[in-house]
Every structure is written in structure tokens, then in C-alpha cells.
Ligand code: AMP
């Protein structure tokens, strides 16, 4: 028998009744034993919002049906209850999804298990936690030897390991990395370590926000396998002498304003990679330069792992999420929106055909300077590979900036793309107009 979890949802007609009926039909199937049904949670629709709220639940069952056979039964129940095809995210009388089927990972044309979007969806995870508390348990590991022992165990079971290094005080940006790791890997380790080596002597190492209890609570909503939470003395014992230094790409952008920062970052991630030995490590595009530095370390030092860079998660008003946002006063928080707004305006001007970097940067700077007290470290456009400054856009470039609001330094970036056959580019180079973007 295999333990299996099913997600169930409805937002048409009598939602409770639909769910009850589906469960009754499920109970009647030979070879299925329902062990537990979660509470039902009312959730806002996703994707297409002009429809009723959903009721969502989860079912824990045992079965000796193959996953494919189980899927056929679920589809039949959906059909019997009157489900008809709508568009993606459309309303539905009943929705039954296999979320997890034993330890299996399945990817066929009709079936992907674990369900590929479940970790991105709180409306799936919340009821699942009712019926599968074991999936939401984690260990807190405080020593390097215990971390190694845990990894050895996972390796003995042939598990793939996803790793998310953080400095804690987690927000949805961090959680999006965890969700990506959950989707790809059997087991997920998150490290929380405020790394003194990456802070300058006048920077905010001491006041950097720390709250393990709060972080644990957030991670518990998605379910990770271990939180690696080492102390500074374990990571940098007395007599520590070895640092990892990446050249050139660390001298630009933030590197110019935070001497030693990337040496500290490179050192800690290399150490963490050696301790955790993951298959894949996840980083945010928010720290674009950092992601590039890490990719360089991995290729230059032949570290056998894959890196995935996950898009920036923003507050509803566009400000990039950051643990440092808590430093901002209410006024600074309001004003900080100018960063993303100016980046979006720049992006729009590139889409309209602007290719002259000086002009784009001048516009961004002008907009930020409307906030009189904001202090710009840099606004630059750089090659996404070498991070060298560009003065004409050709292909993909990053617009990156770092700006102080009071005592808080914020960074943000956006990738822009100029297609060589863009109408304005052609006009400027004497080519023919009328080509589509
Ligand atoms: P930190 O705790 O600030 O060192 O960040 C840990 C990881 O989370 C890094 O890979 C960051 O790039 C990533 N991260 C931080 N903020 C965001 C965000 N708003 N969106 C996506 N990833 C982020």
C-alpha cells in the first residue's frame, strides 16, 4: 500500500456537498482506504478573480492502485459530478489532484507527481498540513558535523537535495526560493546565517534583523527538511584564514561600494556548498551580482552543483522584498517605491526603442532625485555576463541600482532586452522601419 495525498476543491454550486459527494465516491473504490480528510478552507481564486471563492481540502489515503489508475478514478469522479472543461483557472464543480504518491517522482504527459505547483500554493499546503503533519516537520541543525551526518543519511536514501542559503528574517522572496527547491528536489535544506565576513566594519551586521522563531514558522508553512543554523564560532573558528576571492566581476556595481563584501559572500557560500553538498542551490535575482559571482565560483572551482536564479518577489507597490525593509521609516518606505518605478519606466523606454544608456540612466537618476534625501550609490547598465558597463544596449543587459534611504541601503535591478530588429534601432542605424518588435 502507498500513502497518497489528494487535493480537493470546488467553487460552483453547493461546494461542501460537491466535496462530500466526491469523497463518498472515492470511499467506494476498492483498493482505496481514506485515512483522513482535512478541514475545508475558503480561498480566493487565483489567476481569474471574477468567480466564487473556492473551498479547498486535502485527503490522506492508502492505495495499491498505480498512480495512473488512481488518476483515472479521479477523472471519472470529476466527470460524474458534472465537471466540464473550462479555461485555466476557471470555475469548477470539483477538482481532484494527486499531490503526492508515496515517495515517487513521476513525470509523464498526463501526470506530474509531486504536483508541480503545490509548493507555490498556500491553498494546497494549508489543508495538506492537516492530514500530513509529517511533511511539515523539520530539524534545526546547529553544528557542521550534524549537518554532514544528516546529508549522509539523505544520500544513502538516494535523495536529491535542494539548498537555499539565507541570512534569515525571511520574507516571501526567500520563500519563493524554497518553493522552487521543493518543486525540484526530494529534500530541502535552508541555511540561516548572518555572515559577519560580508559586512564592512561600518555596516549593519549587529543590527541586522534576526528571529529564528518567526523564520521557523514561515518555513513550516511550506515544509523544509532541515534548517541549518550554525553559530559564528563554528563557521569561523579561532585562527580561521581562508577566503575565496572572485576577481573583476566583484569590483563593479555593489563591489565598488562595499569593499570585501563579495569576498565574504564567496567564502560563506563555498563553505556552505562543501557542508551541504546539494544538487541544486537557489538564489534570488534580487542580488543579481551575487548570483553571477556564485555561478562563477561554481564553474571556476568545479563545484558539482547546479544554480537556479529565481525572479524578484516584490511588495504589492513594487518595492523588492528585503529583510532590510524593516529599517525603513514609514516615509522612507513610501518613497522607496521610486526605485522600481524608475526601473519600469526605463524598461518601457527601452521597449519604445531607446538605446542610449546615458539617456536611460539620466532619466532614472532624475526620478530618484525627486526624493531629496535619497542618496544614490550607483545606477548602472551592465552586461549580464561580465557585469561590465555598457553604453549601448545590444541584447540583454541589467539595469542595477543601489540607493540609500536614510540609513538603509536598498538595491534593485531589472533585465532589459533590445532586439536588434527593433524598429527604432533599425531607424537609427539607417535600416528599414516597420519590423515588429
Ligand atoms: P539574504 O537573506 O538577503 O542573504 O537572501 C537570501 C537569498 O534570498 C538570496 O539568494 C537573495 O537573492 C534571495 N532574495 C532576497 N530577497 C529576494 C526577493 N525579493 N526576491 C527573490 N529572492 C530574494
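The values are calculated or read from the model by the stated rules, or taken from the named source; none is laboratory data. Because the structure is a prediction, the values reported are computed rather than measured. FYI the Cβ positions are ideal-geometry reconstructions off the backbone, even for glycines, and counts take in every protein chain you see.
When you look at residue 238, is it without any contact (Cβ under 8 Å) to a residue 24 or more places away in the chain, more than 12 Å from the ligand (Cβ to nearest atom) and on the phi < 0 side of the Ramachandran plot, yes or no?
On the way: without any contact (Cβ under 8 Å) to a residue 24 or more places away in the chain: yes; more than 12 Å from the ligand (Cβ to nearest atom): yes; on the phi < 0 side of the Ramachandran plot: yes.
Here the answer is yes, as residue 238 does meet what is asked.
For region 272-287, enumerate the residues that are within 14 Å of the ligand (Cβ to nearest atom) and outside any helix (DSSP H, G or I). Quick ask: steps written out before the conclusion?
Taking region 272-287 and keeping what is within 14 Å of the ligand (Cβ to nearest atom), we get 272-273, 278, 280-287.
Those that are within 14 Å of the ligand (Cβ to nearest atom) and outside any helix (DSSP H, G or I): 278, 280, 281, 282, 283, 284.
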Practice prompt. Say whether the condition of being farther than 29 Å from residue 274 by Cβ, within 16 Å of the ligand (Cβ to nearest atom) and modelled with pLDDT under 95 is met by at least one residue in region 103-114.
Written response: no
Worksheet item: Under 9 Å by Cβ, and 6 or more places apart or on different chains, what pairs join a residue from region 205-222 that is free of Cβ contacts under 8 Å to residues at least 12 places away in the same chain with one that is assigned to a loop (DSSP other than H, G, I, E, B)?
Response: 205/194; 205/195; 205/199; 206/199
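Name the one entry in 246, 313, 269 that is touching a helix residue (DSSP H, G or I) at 6+ places or on another chain (Cβ under 7 Å), under 29 Å from residue 360 (Cβ atoms) and within 11 Å of the ligand (Cβ to nearest atom). Even if it seems obvious, please write down each step before you answer.
Working: 246 fails: within 11 Å of the ligand (Cβ to nearest atom); 269 fails: under 29 Å from residue 360 (Cβ atoms).
Testing whether each residue is touching a helix residue (DSSP H, G or I) at 6+ places or on another chain (Cβ under 7 Å), under 29 Å from residue 360 (Cβ atoms) and within 11 Å of the ligand (Cβ to nearest atom) leaves just 313.
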Item to complete: Show the residue pairs that are 6+ apart or on different chains and have beta-carbon atoms under 6 Å apart, the first residue being within region 159-173 and in contact (Cβ under 8 Å) with a residue 24 or more places away in the chain and within 15 Å of residue 212 (Cβ to Cβ), the second being away from the ligand (no atom under 11 Å from the Cβ) and in a helix (DSSP H, G or I).
Response: 170/218
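Among 263, 292, which is out of contact with any strand residue (DSSP E or B) (no Cβ under 8 Å at 6 or more places or on another chain), assigned to a helix (DSSP H, G or I), in the same structural domain as residue 197 (by TED's automatic domain parsing) and away from the ligand (no atom under 13 Å from the Cβ)?
On the way: 292 fails: away from the ligand (no atom under 13 Å from the Cβ).
Only one candidate qualifies: 263.
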Item to complete: Would you confirm whether any residue within region 342-357 is within 16 Å of the ligand (Cβ to nearest atom) and buried (at least 17 other Cβ atoms within 10 Å of the Cβ)?
Response: yes
Worksheet, complete the sentence: Only unsatisfied item for residue 347, checking (1) part of a loop (DSSP other than H, G, I, E, B); (2) in contact with a strand residue (DSSP E or B) (Cβ under 7 Å, 6 or more places away or on another chain); (3) not assigned by TED's automatic domain parsing to the domain that holds residue 204, is (1)
Worksheet, complete the sentence: Those residues of region 386-413 which are outside any loop (DSSP other than H, G, I, E, B) and closer than 14 Å to residue 357 by Cβ amount to 389, 392, 395, 396, 397, 398, 399, 400, 401
Worksheet, complete the sentence: Of (1) assigned to a loop (DSSP other than H, G, I, E, B); (2) within 12 Å of the ligand (Cβ to nearest atom), residue 205 satisfies every one except (2)
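Sort through 173, 200 and tell me the only one that's out of contact with any strand residue (DSSP E or B) (no Cβ under 9 Å at 6 or more places or on another chain) and within 18 Å of residue 287 (Cα to Cα). Lay out the reasoning, then the answer.
Details: 173 fails: out of contact with any strand residue (DSSP E or B) (no Cβ under 9 Å at 6 or more places or on another chain).
Within the list 173, 200, the selection yields 200.
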Worksheet item: Can you name the residue in region 316-341 that is more than 12 Å from the ligand (Cβ to nearest atom) and part of a loop (DSSP other than H, G, I, E, B) and is also farthest from residue 160 (Cα to Cα) among such residues?
Response: 329
Item to complete: Output the residue which, of all residues in region 56-84 that are over 33 Å from the mean Cα position of the chain (by Cα) and touching a residue at least 24 places away in the same chain (Cβ under 8 Å), is nearest to residue 16 (Cα to Cα).
Response: 81
Worksheet item: Which of (1) in the same structural domain as residue 89 (by TED's automatic domain parsing); (2) touching a residue at least 60 places away in the same chain (Cβ under 8 Å); (3) surrounded by fewer than 14 Cβ atoms within 10 Å (Cβ to Cβ) does residue 123 not meet, given it meets every other one?
Response: (3)
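Confirm whether residue 255 is within 11 Å of the ligand (Cβ to nearest atom), assigned by TED's automatic domain parsing to the domain that holds residue 174 and closer than 30 Å to residue 231 by Cα. If you could, list the steps in order and put the result at the bottom.
Values: within 11 Å of the ligand (Cβ to nearest atom): no; assigned by TED's automatic domain parsing to the domain that holds residue 174: yes; closer than 30 Å to residue 231 by Cα: yes.
It is false that residue 255 is within 11 Å of the ligand (Cβ to nearest atom), assigned by TED's automatic domain parsing to the domain that holds residue 174 and closer than 30 Å to residue 231 by Cα.
Based on what the data block shows, is residue 168 at pLDDT 95 or above, in contact with a strand residue (DSSP E or B) (Cβ under 8 Å, 6 or more places away or on another chain), under 28 Å from residue 206 (Cβ atoms) and part of a loop (DSSP other than H, G, I, E, B)?
Working: at pLDDT 95 or above: yes; in contact with a strand residue (DSSP E or B) (Cβ under 8 Å, 6 or more places away or on another chain): yes; under 28 Å from residue 206 (Cβ atoms): yes; part of a loop (DSSP other than H, G, I, E, B): yes.
So residue 168 passes the test.
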